[in-house]
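FYI, it's all coordinate maths here, none of it is from the lab. For clarity, every value in this text was computed on a predicted model and none was experimentally measured. Because the Cβ atoms are built from the backbone with ideal geometry, glycine has one as well, and the counts that use them run over all protein chains shown.
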Amino acid sequence: MPPPRAELRDAAQKHEAELAERTLEEFLAADAIVIGAPMYNFAIPSQLKTWIDRIAVAGKSFKYTESGPVGLAGGKTVVIASSAGGIHAGQPSGQAHEDYLVRMLNFVGIDDIEIVRAESLAYSEEPRAEAMKGAAQRICELFATA
Ligand SMILES: Cc1cc2nc3c(=O)[nH]c(=O)nc-3n(C[C@H](O)[C@H](O)[C@H](O)COP(=O)(O)O)c2cc1C
């Protein structure tokens, strides 16, 4: 269903529309973005999906042309901080939530994407600490080369 015309919005809808607009503006103006992406039930959290629904806007962050969709929000660096309670690398569950985020970011024109990953966070202390150490090292590498 299309959104109600602006003048027909009640107070709650107006507030929601303003929030959506601010979120999109903030996204479009950013040079660098860090996305916190824990795996929730083999996907991204619903809050993150809601953010994506706010920043993927036809005519603002992408457009359709005769030759297909074109991203309009390029020129940004995005770091995906990806975490999971279990271990998914090399498993059928793969990194589906990461793949989705990368596809979505590519769609709006963003190709400069780094993934910092910490898995096995719900395991015992040792694998958890090891995963966090690996992620911290990766963050240091990213900033060292920036
Ligand atoms: C609702 C919910 C669903 C989750 N689903 C998964 C899942 O499908 N696979 C997984 O490996 N971890 C899952 N987790 C664990 C989170 O990925 C983990 O809590 C998150 O990466 C952050 O780690 P932390 O809670 O130790 O800070 C889930 C956590 C919650 C709260």
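Before moving on, here are some points about what is shown:
- Prolate/oblate/rounded call for segment 15-118, Cα gyration tensor, a/c under 1.5 rounded: prolate
- Checked against a 25 Å cut-off, the cross-linked pairs Lys49/Lys133; Lys14/Lys60; Lys14/Lys49 give Cα-Cα distances beyond that limit for Lys49/Lys133.
- Computed over the chain, the per-residue total of -39500 (n - 2.57) for DSSP H runs of n ≥ 4 gives a 222 nm mean residue ellipticity of -14000 deg cm²/dmol, rounded to 500.
- Gyration tensor (alpha-carbon) shape descriptor, segment 1-75, a/c threshold 1.5: oblate
- Sparse packing (at most 16 other Cβ atoms within 10 Å of the Cβ) combined with a DSSP loop state is found for the following trypsin sites (Lys or Arg not before Pro) in segment 3-37: Arg5, Arg9.
- Our coupling estimate for segment 109-118, obtained by passing each phi through the Karplus curve with A = 6.51, B = -1.76, C = 1.60 and θ = phi - 60°, is x, 9, 10, 7, 10, 10, 10, 10, 10, 9 Hz, Gly and Pro reported as x.
- 5 angstrom amide H check on Gly36, placed H, neighbours 5+ away: Ala81
- In order along segment 33-44, phi translates into HN-Hα couplings of 9, 10, 9, x, 10, x, 6, 10, 6, 6, 9, 8 Hz, rounded to whole numbers, per the Karplus curve 6.51 cos²θ - 1.76 cosθ + 1.60 with θ = phi - 60° and x for Gly and Pro.
- Test item: Cα-centred dipole of segment 2-146, Lys/Arg +1 and Asp/Glu -1 on Cβ, debye: 220
- Checking every one of the GluC sites (Glu not before Pro) in segment 6-97 against DSSP loop status and a limit of 11 other Cβ atoms within 10 Å picks out Glu66.
- Taking a ≥ b ≥ c as the square roots of the eigenvalues of the alpha-carbon gyration tensor, segment 58-146 is classed oblate because a/c is 1.5 or more while a/b is no larger than b/c.
- Length-normalised contact order of the chain in % [C-alpha pairs under 8 Å, at least 6 apart]: 22
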